[in-house]
Amino acid sequence: MSQLDYLTPDQLSRSLSLRDLTDPAQGEHAIQALLEAVVTALLTEWSGTTLRYVRNVPVVPVRDNYDRLGYARDDVTRVRRYTRYVSPTVMLRSHTSAELPAALEVYADQQDVDELIVAPGLVYRRDAVDRTHVGEPHQADLWRIRSTPSTDDAEIVTMIGRVVEAILPDAEWKVTDVVHPYTTSGRQIDVLHDGEWLELAECGRIHPDVLRGSGLNPDRWSGLALGMGLERALMLRKAVPDIRYLRAQDPRIAAQMLTLESWQHVSMLPSSRRDISVVTGQEEDEETLGDRIRTALGDDADVIESVELLSRTTYDDLPAAARSRLGIEPDQVNLLVRITLRPIDRTLTSEQANTIRNTIYKAVHEGPVMELI
């Protein structure tokens, strides 16, 4: 499956041309206001802490994205089905944490440091298609680095409280112990929203090995590391029902993406559904399907509201007649996929919906028999 190999020049160009909603130089957006609220809350709590923003092109060394952050060589996140590689040693960052190992190096010869490093921007995944996921989400890493070894777990809790209050004032929250390769005392932060616990961020103390790798002696240096997805945070804050709205051009929607005021209902256009039966490799799942569909549609990918994997049938479980009709091989599976089309700013004709359906079908189907409409 070539789309899961190295990015083509066109794919890389498209990824790098996407607007970064966290960057004021690329236009105003509510994501910036939300991040500013978080930064202000932390600096208010940490009197005397200085501020440093780190913004770089999202093409990073694989070493910075994984190795220098403590990820094992065989970690599942490294595989090409989930990571967008440019070459064996270069990739589109999968998290903004990739910016921190190099960012920490500048402190090696400094004294009396207490600084909040904010690294926001786009990250690149292969993800499912639905109302809460995109393949190029925004993240922010907020790391406090100090020239003292005394950072403790109590300071983690304080940081969590200030971040949650800035994003969702008065929200109920809880923490769960988790393991991150680049932190110790790792915590997952969940908030209660409409009766459901949802993950908001993860954090911990900067791992001593990460400090050492950046030239900082853990006997002298310590700090806090927190990373969060900005789309989810903004959608929770404003009660936005569809992640595509964050980039919508419709004036009724775009105007609402400039402030942190609660979402005001906008009438939805009618949807169209198309079900397709395709033959694929056994490893295919909703994340890789989503990536293949986004790649095939390019700039038209935002017409897709969701892609659901309704069923998966192996070669052995198919009747002989179905095997023959599909031309399926023993190492393949038959997937029934439901595609929901609902553009934000226009209505699709039946012919247009069928054209999109056929584009998706040809991009996903790996069998010899084509069933186009």
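The values are calculated or read from the model by the stated rules, or taken from the named source; none is laboratory data. A quick note: this is a predicted structure, and the numbers were derived from the prediction, not measured. In this analysis, Cβ positions are derived from the backbone assuming ideal geometry, glycine residues included, and neighbour counts consider all displayed protein chains.
So which residues in region 80-112 are surrounded by 13 or more Cβ atoms within 10 Å (Cβ to Cβ), without any contact (Cβ under 8 Å) to a residue 60 or more places away in the chain and farther than 16 Å from residue 212 by Cβ, if there are any at all?
83, 90, 91, 93, 94, 98, 99
Determine which member of the set 344, 373, 328, 360 is of a type outside the set (D, E, K, R), in a loop (DSSP other than H, G, I, E, B) and closer than 27 Å to residue 136 by Cβ.
Working: 373 fails: closer than 27 Å to residue 136 by Cβ; 328 fails: closer than 27 Å to residue 136 by Cβ; 360 fails: in a loop (DSSP other than H, G, I, E, B).
Exactly one residue qualifies, and that residue is 344.
Pick from 196, 155: which is without any contact (Cβ under 8 Å) to a residue 24 or more places away in the chain and not small (Gly, Ala, Ser)? Steps first, answer last, please.
On the way: 155 fails: without any contact (Cβ under 8 Å) to a residue 24 or more places away in the chain.
Being without any contact (Cβ under 8 Å) to a residue 24 or more places away in the chain and not small (Gly, Ala, Ser) holds for just one of 196, 155, which is 196.
Filter region 167-220 down to residues that are small (Gly, Ala, Ser) and assigned to a loop (DSSP other than H, G, I, E, B) and give me whichever is nearest to residue 104 (Cα to Cα).
Taking region 167-220 and keeping what is small (Gly, Ala, Ser), we get 171, 185-186, 195, 201, 204, 213-215.
Of the ones still in play, those that are also assigned to a loop (DSSP other than H, G, I, E, B) are 171, 195, 214-215.
On the way: 171: 33, 195: 40, 214: 6, 215: 8 Å.
Residue satisfying both the conditions and the ranking: 214.
Is there a residue being in a strand (DSSP E or B) and either assigned by TED's automatic domain parsing to the domain that holds residue 100 or more than 22 Å from residue 53 (Cβ to Cβ) (or both) anywhere in region 148-157? If you could, list the steps in order and put the result at the bottom.
If we filter region 148-157 for residues that are in a strand (DSSP E or B), which is where we start, we get none.
Scanning region 148-157 turns up no residue that is in a strand (DSSP E or B) and either assigned by TED's automatic domain parsing to the domain that holds residue 100 or more than 22 Å from residue 53 (Cβ to Cβ) (or both).
Please pick out the residue among 266, 278 that is among the aliphatic types (A, V, I, L, M), within 18 Å of residue 355 (Cβ to Cβ) and not in a helix (DSSP H, G or I). It would help to see each step written out before you state the result.
Values: 266 fails: within 18 Å of residue 355 (Cβ to Cβ).
Going through 266, 278 in turn, just one is among the aliphatic types (A, V, I, L, M), within 18 Å of residue 355 (Cβ to Cβ) and not in a helix (DSSP H, G or I): 278.
Within region 115-130, is even one residue among the small types (Gly, Ala, Ser) and under 23 Å from residue 6 (Cα atoms)? Reasoning before the result, please.
At the first step, the residues of region 115-130 found to be among the small types (Gly, Ala, Ser) are 119, 121, 128.
The next check asks that each one be under 23 Å from residue 6 (Cα atoms); those that pass are 121, 128.
Checked region 115-130: at least one residue is among the small types (Gly, Ala, Ser) and under 23 Å from residue 6 (Cα atoms).
Going residue by residue through region 302-316, is there one that turns out to be within 25 Å of the chain's Cα centre (by Cα), at negative phi and among the small types (Gly, Ala, Ser)? If you could, list the steps in order and put the result at the bottom.
Of the residues in region 302-316, the ones within 25 Å of the chain's Cα centre (by Cα) are 302-310.
Filter again for at negative phi, leaving 302-310.
Of the ones still in play, those that are also among the small types (Gly, Ala, Ser) are 306.
Taking every residue of region 302-316 in turn, at least one turns out to be within 25 Å of the chain's Cα centre (by Cα), at negative phi and among the small types (Gly, Ala, Ser).
With the requirement that a residue be surrounded by 19 or more Cβ atoms within 10 Å (Cβ to Cβ) and either of a type in the set (A, V, I, L, M) or without any contact (Cβ under 8 Å) to a residue 40 or more places away in the chain (or both), what does region 218-242 give you?
Listed by number, the residues that qualify are 224, 225, 226, 228, 230, 233, 234, 235, 240.
For (1) of a type in the set (Asp, Glu); (2) under 26 Å from residue 102 (Cβ atoms); (3) in the same structural domain as residue 229 (by TED's automatic domain parsing); (4) modelled with pLDDT of 95 or more, each residue gets a yes or a no:
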{"site": "159", "(1), (2), (3), (4)": "no, yes, yes, yes"}
{"site": "165", "(1), (2), (3), (4)": "yes, no, yes, yes"}
{"site": "173", "(1), (2), (3), (4)": "no, no, yes, yes"}
{"site": "177", "(1), (2), (3), (4)": "yes, no, yes, yes"}
{"site": "190", "(1), (2), (3), (4)": "yes, no, yes, yes"}
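Select from region 121-166 the residues that are of a type in the set (Asp, Glu) and within 23 Å of the chain's Cα centre (by Cα) and list them in ascending order.
Looking only at region 121-166, we keep the residues that are of a type in the set (Asp, Glu), and these are 127, 130, 136, 141, 152-153, 155, 165.
Result: 127, 130, 136, 141, 165.
Counting residues that are out of contact with any Lys or Arg (no Cβ under 6 Å at 6 or more places or on another chain), farther than 28 Å from residue 235 by Cβ and not hydrophobic (A, V, I, L, M, F, W, C), which helices (runs of 4 or more DSSP H) fully inside region 1-103 reach at least 1?
Details: elements: 9-17, 30-45, 62-65.
In region 1-103, 9-17, 62-65 are the helices (runs of 4 or more DSSP H) which contain 1 or more residues that are out of contact with any Lys or Arg (no Cβ under 6 Å at 6 or more places or on another chain), farther than 28 Å from residue 235 by Cβ and not hydrophobic (A, V, I, L, M, F, W, C).
Restricting attention to region 328-354, and to residues there that are surrounded by 15 or more Cβ atoms within 10 Å (Cβ to Cβ) and among the polar types (S, T, N, Q), which single residue is farthest from residue 252 (Cα to Cα)? Before you say what the answer is, go through the steps one by one.
Here is the first cut: in region 328-354, the ones surrounded by 15 or more Cβ atoms within 10 Å (Cβ to Cβ) are 328, 332-335, 337, 339-344, 348, 352-354.
Cutting the leftovers down to among the polar types (S, T, N, Q) gives us 332, 334, 340, 352, 354.
Working: 332: 45, 334: 41, 340: 23, 352: 25, 354: 28 Å.
Among those that are surrounded by 15 or more Cβ atoms within 10 Å (Cβ to Cβ) and among the polar types (S, T, N, Q), it is 332.
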